[in-house]
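What follows is one structure encoded as structure tokens, with my remarks underneath.
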Amino acid sequence: AFITSNQNQETLIQGSLLAENTGAGADNKGGNMTIRDCVIDECGYGVKQNDTTNVQVIENTRISNLQTEPGVYNIPQDRTGGDLILNNVCFENATDPAILFPAGGSISGDRIVIRNTNTEASQPAAIVVKDEGREFDLDELAIYGTGSGTALHLENCTGSIEQLVHDGNPEGVGPLSDVDVDNIRK
């Protein structure tokens, strides 16, 4: 799925299998995109946001077996990236992190599971937010079995995570910047 660069565009991808692409399962070039009740499998990467993305929503979706890039990431690096909303999302089996953002914006949502990511140690954690930072507002986040590094690597970030469950991340939780975590369980 390749969405053109129209900042006012509304796109819904629902009940779909996005599979075996060498690039992104879905490329949000601009506007607001919702991916709901889908599977993104055996692609190079999951969902790409761009500097003209406003809001990217992913709900009730499994993103798995990614071969070359992160589950969700932003290109190019930009002061203002699109906001990301994740609800009932599972990321698993990826060579890179589940989420990689060098651009600003927010990450919000609930019931996010990340398993067996960053297996090629390309980044320091399963979720990496750096440079411009992001505002976090997450309820339940579980990160298991990061191939290398920590569960989280957050720079210049603020906000909160209500509950973080982690296990099997070789270097533990990792730097949280100014993100408050109410409850950490291993």
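With respect to being at pLDDT below 95, small (Gly, Ala, Ser) and open to solvent by less than 40 Å² (accessible area, probe 1.4 Å), Gly23 fits the description. Screening Asp131 with (1) open to solvent by less than 20 Å² (accessible area, probe 1.4 Å); (2) in contact with a Gly (Cβ under 9 Å, 6 or more places away or on another chain); (3) within 21 Å of Leu84 (Cα to Cα) gives one miss only, at (1). Restricting the search to strands (runs of 3 or more DSSP E) fully inside the range 81-186 and requiring at least 1 residues that are closer than 16 Å to Gly71 by Cβ and aromatic (Phe, Trp, Tyr) gives 83-94, 99-101, 135-144.
Considering the range 150-180, and only residues there that are buried (at least 20 other Cβ atoms within 10 Å of the Cβ) and of a type in the set (A, V, I, L, M, F, W, C), the residue that is nearest to Arg115 (Cα to Cα) turns out to be Ala151. Any idea which residue in the range 34-55 is modelled with the highest pLDDT, counting only those that are within 18 Å of Pro76 (Cβ to Cβ) and over 14 Å from the mean Cα position of the chain (by Cα)? In this case the residue turns out to be Gly44. Candidates are the residues of the range 44-68 that are assigned to a loop (DSSP other than H, G, I, E, B) and open to solvent by less than 60 Å² (accessible area, probe 1.4 Å); the one that is farthest from Val128 (Cα to Cα) is Thr52. Among the candidates Leu100, Leu154, the residue that is more than 12 Å from the chain's Cα centre (by Cα) and closer than 20 Å to Asn74 by Cβ is uniquely Leu154. Within the range 134-149, the set of residues being under 25 Å from Arg79 (Cα atoms) and open to solvent by less than 10 Å² (accessible area, probe 1.4 Å) comprises Arg134, Phe136, Leu138.
The values are calculated or read from the model by the stated rules, or taken from the named source; none is laboratory data. The shown structure was predicted, so the numbers you read here are calculated from the model rather than taken from an experiment. Every residue, glycine as well, gets a Cβ built from its backbone with ideal geometry; the counts of neighbours run over all protein chains shown. Surface areas here come from the heavy atoms of the whole protein model, side chains and all, with no ligands, DNA or RNA. Shrake-Rupley method; radii C 1.70, N 1.55, O 1.52, S 1.80 Å.
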